[in-house]
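The values are calculated or read from the model by the stated rules, or taken from the named source; none is laboratory data. In this text the structure is predicted, and so the values were computed from the model without any measurement. Here the Cβ positions follow ideal geometry from the backbone for every residue, glycine too, while neighbour counts run over all protein chains shown.
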Amino acid sequence: MRVLSLIQQADAPTGTFADVVRDRGDDLLEWIASNGPPPEDPDAFDAALVFGGAMHVDQDEEHPWLREEAALLKHLLAAEVPTFGVCLGGQLLAKAAGASVGPAPEEEIGWHEVELTSEARGDPIFGELPERFRALQWHSYAFELPPGAVALANSAVCLQGYRLGERAWGVQFHPEVDIPILESWLRHPEARGRSFDLEPMESWNRLGRGLAGRFLALAAQLPRRSRRAATRAS
């Protein structure tokens, strides 16, 4: 299976999700979205991952490539390519599907409790998560629920996860982040004075790999031909 990973900046890569892609024997292309459209047709991929960054969804004047990425995500949704968005990636995916995205009531940076909704129990990606868990967060914006989507998780501050149709998921927390990624973020000037408890990272990375594994396993079950037919019909 071929997997496209759209990353917004070099120090916010595919992380633990890349470990799972490689363990499965799948092919991974990491592409920094600000470099322009991916070098290959997005229809050539069997699944897409979209990750976070320091920019916001409403900063397309400062980051005009966000408009191109929005168009790409709309195409992926129309083509029913299985897609998983994380933090900014989840916000961009929600916006592409018609949801409002903007400043959260308060920022969440650190470990914050997330609780699953009742609908999450039957979800193929979220269904094996604990009913409540502490999630690694780093965001000041949040998404609302896209039209027709199903809410899967919440924190005290905002919606934390949704499923859009049967092929797309978005989360606000960071299941892909491992210790090297987190340590690189903490070296940013704007992170001065912040610290994270690293003790939960081992169990957190297990949770992230589980999410990635279930998503990729589901993506692999979708016949390639049916997705191409959906693309032509759109």
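Before moving on, here are some points about what is shown:
- Single unsatisfied condition, Ser34 versus (1) modelled with pLDDT of 95 or more; (2) outside any loop (DSSP other than H, G, I, E, B); (3) farther than 15 Å from Thr83 by Cβ: (1)
- The listed residues are Ala151, Ala156, and the only one of them that is touching a Gly at 6+ places or on another chain (Cβ under 8 Å), among the aliphatic types (A, V, I, L, M), touching a residue at least 12 places away in the same chain (Cβ under 8 Å) and outside any helix (DSSP H, G or I) turns out to be Ala151.
- Selection of segment 82-127 for residues being surrounded by 14 or more Cβ atoms within 10 Å (Cβ to Cβ) and more than 30 Å from His63 (Cα to Cα) yields Val114, Glu115, Leu116, Thr117, Glu119, Ala120, Asp123, Pro124, Ile125, Phe126.
- Residue within segment 14-26 that is surrounded by 20 or more Cβ atoms within 10 Å (Cβ to Cβ), within 14 Å of the chain's Cα centre (by Cα), touching a residue at least 40 places away in the same chain (Cβ under 8 Å) and not in a helix (DSSP H, G or I) present: yes
- Leu4 passes every criterion in (1) under 24 Å from Pro180 (Cα atoms); (2) out of contact with any Leu (no Cβ under 8 Å at 6 or more places or on another chain); (3) not in a helix (DSSP H, G or I) apart from (2).
- Applying a threshold of 9 Å to beta carbon distances and a minimum spacing of six or more residues, or different chains, the list of pairs starting in segment 50-63 at a residue that is free of Cβ contacts under 8 Å to residues at least 12 places away in the same chain and ending at one that is hydrophobic (A, V, I, L, M, F, W, C) reads Gln59/Leu66; Asp60/Leu66; Asp60/Ala70; Glu62/Met55.
- Yes/no for Pro180 being loosely packed, with under 15 Cβ neighbours inside 10 Å, within 28 Å of Glu30 (Cβ to Cβ) and either without any contact (Cβ under 8 Å) to a residue 12 or more places away in the chain or of a type in the set (Gly, Ala, Ser) (or both): yes
- Being within 23 Å of Leu207 (Cα to Cα), out of contact with any Phe, Trp or Tyr (no Cβ under 7 Å at 6 or more places or on another chain) and modelled with pLDDT under 95 holds for only one residue in Glu119, Glu166, and it is Glu166.
- Residues (among the small types (Gly, Ala, Ser) and in contact (Cβ under 8 Å) with a residue 60 or more places away in the chain) located in segment 75-103: Ala78, Ala79, Gly85, Gly89, Gly90, Ala94, Ala97
- Search result, residues across segment 183-201 that are in contact with a helix residue (DSSP H, G or I) (Cβ under 9 Å, 6 or more places away or on another chain) and either buried (at least 20 other Cβ atoms within 10 Å of the Cβ) or assigned to a helix (DSSP H, G or I) (or both): Trp185, Ala191, Met201
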